[in-house]
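The values are calculated or read from the model by the stated rules, or taken from the named source; none is laboratory data. What you are looking at is a predicted structure, and each value in this text was computed from that prediction instead of being measured. Heads up, the Cβs are rebuilt from the backbone with ideal geometry, glycines too, and the neighbour counts pull from every protein chain shown.
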Amino acid sequence: MRSRGVRVKAVLFDLGGTLIRTAEIPRILRRILEANGIKRSLKEISLAHKKIEKQFSLQKYAGPYEEFWIRWNLQILEKLGVRENAQSLATTIAEEWWDYADVRIYLDAKETLKQLKSMGLKIGIVTNGLQSDIDEVLRKVGLTNFFDVAVGIDALGKTKPNKQIFLYALKKLGVTPQEALFVGDHIENDYDGARKAGLRALLIDREGKTRKKVEKIRSLEEIVNRF
């Protein structure tokens, strides 16, 4: 594959929704709450989640990102009327999240990653998650130490679509934006963010829901065919 006449040397990926999938957030929350003796319906939790999503923005958060999810959990618990030991429970939810998330790698991901690496390409991750989240997820899907770089929001204190997080990953790899391809499932954070940083981008749209005019693929396997 060539980008603007330059050979692509690296392929970067978003993580959640692109390489791996998990249970829906309300279902994960319900499982953790039930494990801690608190019963709320999926409908109640979904409603609380929607309300908090409108109020809490990861991209606008100014404090330590480790604290963001605890504060987010506290807001959810408040909406659900859970006040006893709320601080402790909010911390527990953050710490045990991935144990209840049913983390799975997409069927088209592992083989595609192996093929790209066998072709001599550098492989990386840029995601709006903490480094600890990245490490735990990769461990669960058997990809520990597989990637040449894995960049989370705590690397720079910035989130996608900020172009600096993409450029930071490229600097780590020793490649220019013109030598890199980014693949993700979110138009603003992944596709637009990568393009603004000077990378070529592909939108993974497995269900064919996107109607916007973007360069997209239905399966990660299509990436290999472009080289």
- In region 115-130, the residues that are modelled with pLDDT of 95 or more and of a type in the set (A, V, I, L, M): Leu116, Met119, Leu121, Ile123, Ile125, Val126
- Task: Inspect all residues belonging to region 92-115 and state whether any of them is part of a helix (DSSP H, G or I), of a type in the set (Lys, Arg) and in the same structural domain as Lys163 (by TED's automatic domain parsing).
- Result: yes
- Task: Kindly state which helices (runs of 4 or more DSSP H) lie completely within region 158-227 and contain at least 3 residues that are in the same structural domain as Gly16 (by TED's automatic domain parsing) and surrounded by 18 or more Cβ atoms within 10 Å (Cβ to Cβ).
- Result: 163-173, 193-196
- Query: Would you call Tyr61 in contact with a Leu (Cβ under 8 Å, 6 or more places away or on another chain), hydroxyl-bearing (Ser, Thr, Tyr) and modelled with pLDDT under 95?
  - Reply: no
- Query: Does any residue in region 164-192 that is of a type in the set (Ser, Thr, Tyr) come within less than 9 Å, Cβ to Cβ, of a residue that is crowded, with 24+ Cβ neighbours inside 10 Å and assigned to a helix (DSSP H, G or I) six or more places away or on a different chain, and which pairs are these?
  - Reply: Thr176/Leu170
- Message: Here is a list: Leu12, Leu33, Leu77, Leu89. Which entry is assigned to a strand (DSSP E or B) and either modelled with pLDDT of 95 or more or more than 22 Å from Gly129 (Cα to Cα) (or both)?
- Response: Leu12
